[in-house]
Amino acid sequence: MNNITLIGMPGAGKSTLGVVLAKILGYEFLDSDLLIQKEEKRRLYQIIDEEGEEGFKAIENRVNASIETEDTVIATGGSVVYCSEAMEHLKSIGKVVYLRLSLESLEKRLGNLKKRGVLLKEGQTLKSLYEERVPLYEKYADIVVDEEGKDLEASLQALLETLQKEINK
Ligand SMILES: Nc1ncnc2c1ncn2[C@@H]1O[C@H](COP(=O)(O)OP(=O)(O)O)[C@@H](O)[C@H]1O
Ligand SMILES: O=C(O)C1=C[C@@H](OP(=O)(O)O)[C@@H](O)[C@H](O)C1
Ligand SMILES: [Mg+2]
C-alpha cells in the first residue's frame, strides 16, 4: 500500500504540509492525532491529563497500529516513534518520511510545549527531548526531508522533490 506517513518533532509541519501534499498528490489525508481524539471522544490534552504519558502512548500505539488506508498522507503526532508496533505497521503500509528541522529552528517556531500537548517528562527541555527523539525518527525513516531555512512553500517543494526522486529510483 502506498501511503506516505510523516514523522518528526512537534512543529515540524507534519499536519500543515501533510494536507497540502495530499491535495497535490490526489491522496486522502489523515491526521492520526484527530483519529485518536475521535476514537477516544476526548481531546489529546485530556487524554494526557487523565491517562498520563504511558497511557497516552498506549492509546497512540493502538490507534496508529490500526490504520488501514491506501493512497493516504498520514500526519502522525511527534511522539508516535515511541510506539514500536505502530511504527512497524506504518512502515508496512507505505513510506515513512521524517521532516527534519534543527533544534534552533524548532525553538523559534514552538511556543509553550506543555500547552501544545507535547509529551514532556518532569523537568525535560526541548533540547533533551530533541536528542532523545532524533535517533528514533532516523531509525524509522525511509526518507528524510531537510526543512532547514525553508518557508512553507519551499518545505513543500523539498518534500515533493524528495518523494519524486524516491518514486523514480
Ligand atoms: N517551513 C515551514 N514548514 C512547515 N510549517 C511551518 C513552516 N514555517 C512555519 N511553519 C508553521 O509551523 C507550524 C507547524 O505546525 P504543525 O503543522 O501543527 O506541525 P506538526 O503537525 O508537525 O506538529 C504551523 O503553525 C506552520 O504554519
Ligand atoms: O510530540 C509530542 O509529544 C506530541 C505531539 C502532538 O502532535 P504534533 O507532533 O502534530 O504536534 C500530539 O501527538 C501529542 O500532543 C504529543
Ligand atoms: Mg500535527
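The values are calculated or read from the model by the stated rules, or taken from the named source; none is laboratory data. Keep in mind that this is a model prediction, so the values were computed, not measured. Ideal geometry is used to build each Cβ from the backbone, glycine not excepted, and the neighbour counts take in all protein chains shown.
In table form, for the structure just shown:
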read-out	value
Close pairs (7 angstrom Cβ cut-off, 6 or more residues apart or separate chains): surrounded by 14 or more Cβ atoms within 10 Å (Cβ to Cβ) and at pLDDT 95 or above in the stretch 63-74, among the polar types (S, T, N, Q) and not in a strand (DSSP E or B) anywhere	Val63/Ser32; Asn64/Ser32; Asn64/Thr76; Ile67/Ser32; Asp71/Asn2; Ile74/Ser32
Some residue of the stretch 135-158 being polar (S, T, N, Q), over 18 Å from Ile4 (Cα atoms) and away from ligand 3 (no atom under 16 Å from the Cβ)	no
Single residue of the stretch 31-68 satisfying the filter (in contact with a Ser or Thr (Cβ under 9 Å, 6 or more places away or on another chain) and more than 21 Å from Ile93 (Cβ to Cβ)) that is nearest to ligand 1 (Cβ to nearest atom)	Phe56
Residue identified as more than 26 Å from Ile47 (Cβ to Cβ), touching a residue at least 60 places away in the same chain (Cβ under 8 Å) and within 15 Å of the chain's Cα centre (by Cα) among Arg133, Arg100, Arg116	Arg100
The lone exception for Gln164 - which of (1) loosely packed, with under 12 Cβ neighbours inside 10 Å; (2) within 15 Å of ligand 1 (Cβ to nearest atom); (3) under 21 Å from Val19 (Cα atoms); (4) among the polar types (S, T, N, Q) it fails	(2)
So Ala58, is it without any contact (Cβ under 8 Å) to a residue 40 or more places away in the chain and either surrounded by fewer than 14 Cβ atoms within 10 Å (Cβ to Cβ) or within 10 Å of ligand 2 (Cβ to nearest atom) (or both)	yes
Residue pairs meeting the criteria (Cβ under 7 Å; at least 6 apart or on separate chains; first among the acidic types (Asp, Glu), in the stretch 15-41; second more than 14 Å from ligand 1 (Cβ to nearest atom))	Glu28/Thr69; Glu28/Asp71; Glu28/Thr72; Glu39/Val63; Glu40/Ile47; Glu40/Ile59
